[in-house]
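Just below is one structure, and these are the notes that go with it.
The values are calculated or read from the model by the stated rules, or taken from the named source; none is laboratory data. These numbers come from a predicted model, not from an experiment. With ideal geometry, Cβ positions are generated from the backbone for all residues, glycine too; neighbour counts draw on all protein chains shown.
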Amino acid sequence: MFELFFYAIPTVMIAGFGYAAFRLLRRARRISRTWAHGLTAEARCLRMYTTTSGGGGDTSVRTSLHHVYEFTTREGRTVRFEEENGPATVVEGDFVTVRYLPGQPQRATARPPAPARLAVGTGFGVAFLGAAIAFCVFFITTAHMMFSESGGLMP
């Protein structure tokens, strides 16, 4: 029963890392598609605010900048969306160009097209998650060899 934890926990971690990689790739594909095939509209920044996460003290604190934008689609529909980690130079009341896919205007982006930056960031993220998965596989393999050599009991 004790051995199960040496297999189950890394397996759950592998599933989590795999899902995170899938989400990262899906997000990059959506943004790339929006930049390449999206329609443009003028949007107004309605609100700008920051959020913080982390414990402080000895741990790092992460601050994220959020913008809330509103624009009108070519069909006349008013859409409001929020985007995280936008440029600090955009403040409430500013007008920006947004790109959106006609079928999903609520997933618009105000980020200017930067396909190389997106590819590099996604590549590093997937590489990190791949290394984490490889470590878990190594851990499971090592644990299996230890249990096999010891007759099923940890020494």
Does TYR49 qualify as being part of a strand (DSSP E or B) and free of Cβ contacts under 8 Å to residues at least 24 places away in the same chain?
yes
When the stretch 81-100 is checked residue by residue, the ones that are surrounded by 15 or more Cβ atoms within 10 Å (Cβ to Cβ) and assigned to a strand (DSSP E or B) are PHE81, GLU83, VAL96, VAL98, ARG99, TYR100
Residue satisfying condition, being over 14 Å from the mean Cα position of the chain (by Cα), at pLDDT 90 or above and either within 16 Å of ARG29 (Cβ to Cβ) or surrounded by 11 or more Cβ atoms within 10 Å (Cβ to Cβ) (or both), within set ALA134, ALA119, ALA143
ALA134
Among the residues of the stretch 6-46, what is the count of those that are β-branched (Val, Ile, Thr), part of a helix (DSSP H, G or I) and closer than 23 Å to GLY103 by Cα?
2
Restricting the stretch 1-37 to residues that are loosely packed, with under 13 Cβ neighbours inside 10 Å and small (Gly, Ala, Ser), the one farthest from ILE140 (Cα to Cα) turns out to be ALA36
Contact list please: Cβ distance under 7 Å, first residue in the stretch 83-98 and under 24 Å from SER32 (Cβ atoms), second residue of a type in the set (Lys, Arg), pairs at least six apart or on different chains.
GLY86/ARG111
What residue, among those in the stretch 101-116 that are of a type in the set (A, V, I, L, M) and either surrounded by fewer than 18 Cβ atoms within 10 Å (Cβ to Cβ) or in a strand (DSSP E or B) (or both), is farthest from the chain's Cα centre (by Cα)?
LEU101
Looking at (1) under 23 Å from the mean Cα position of the chain (by Cα); (2) of a type in the set (Gly, Ala, Ser); (3) modelled with pLDDT of 95 or more; (4) assigned to a loop (DSSP other than H, G, I, E, B), which one does SER60 not meet, given that it meets all the others?
(3)
So THR40 ticks every box in (1) surrounded by 11 or more Cβ atoms within 10 Å (Cβ to Cβ); (2) under 20 Å from GLY125 (Cα atoms); (3) of a type in the set (S, T, N, Q) but one. Which box is left unticked?
(2)
Going by the structure shown, is THR78 over 30 Å from SER148 (Cα atoms), surrounded by 14 or more Cβ atoms within 10 Å (Cβ to Cβ), modelled with pLDDT of 95 or more and not aliphatic (A, V, I, L, M)?
no
